[in-house]
Amino acid sequence: TYRNQGRWEAAEALEVEVMETRKTKLGADHPDTLTSMNNLAHTWKGQGSTSKAISLIKHCCERQAVVLGPQHPNTVSSQETLIPWQLEATEPSKLSNI
């Protein structure tokens, strides 16, 4: 909700807290923890912290592929997010053609 309202700092603080709590209580590779990672990556991207966002979503993709499988909808969705982010970071002009 905070992210949708453009309240990036509040969203980031809450998402970091949720992710860290889930890591502690459920484990770093639990699907809910990975979802929190994905959410935080989206918030960082929205804040303009693209390199941090790419690094986190890439790690999330790698862990999802192992834990959930490469064809799981969450894994596929994260990978579909990662690719344009990487393109945008390396070649912004190519995104306008997608």
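Within region 42-58, which residues are of a type outside the set (S, T, N, Q), surrounded by 14 or more Cβ atoms within 10 Å (Cβ to Cβ) and more than 17 Å from PRO73 (Cβ to Cβ)?
First pass over region 42-58, keeping only residues of a type outside the set (S, T, N, Q): 42, 44-46, 48, 52-54, 56-58.
Applying the additional criterion that residues be surrounded by 14 or more Cβ atoms within 10 Å (Cβ to Cβ) yields 42, 44-46, 52-54, 56-58.
TRP44, LYS45, GLY46, LYS52, ALA53, ILE54, LEU56, LYS58, listed by residue number.
Based on what the data block shows, is LEU34 surrounded by 15 or more Cβ atoms within 10 Å (Cβ to Cβ) and within 14 Å of the chain's Cα centre (by Cα)? Reasoning before the result, please.
Working: surrounded by 15 or more Cβ atoms within 10 Å (Cβ to Cβ): yes; within 14 Å of the chain's Cα centre (by Cα): yes.
So LEU34 fits the description; yes.
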ask   = Name the helices (runs of 4 or more DSSP H) wholly within region 15-98 that hold at least 2 residues that are without any contact (Cβ under 8 Å) to a residue 60 or more places away in the chain and more than 25 Å from THR1 (Cβ to Cβ)?
value = 50-67, 73-90, 92-95
remark   = Those residues of region 1-14 which are part of a loop (DSSP other than H, G, I, E, B), open to solvent by less than 70 Å² (accessible area, probe 1.4 Å) and in contact with a Leu (Cβ under 9 Å, 6 or more places away or on another chain) amount to none
key: Residue count for region 23-75, restricted to those that are of a type in the set (Val, Ile, Thr) and touching a Phe, Trp or Tyr at 6+ places or on another chain (Cβ under 9 Å)   = 4
request  = Can you tell me which residue within region 59-98, out of those that are among the hydroxyl-bearing types (Ser, Thr, Tyr) and modelled with pLDDT under 95, is surrounded by the fewest Cβ atoms within 10 Å (Cβ to Cβ)?
outcome  = SER96
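The values are calculated or read from the model by the stated rules, or taken from the named source; none is laboratory data. Owing to the predicted nature of the structure, the values given are computational and were not obtained by experimental measurement. Glycine also receives a Cβ, built like all others from the backbone with ideal geometry; neighbour counts cover every protein chain displayed. Keep in mind that these areas ignore ligands, DNA and RNA; they rest on the heavy atoms of the full protein, side chains included. Shrake-Rupley method; radii C 1.70, N 1.55, O 1.52, S 1.80 Å.
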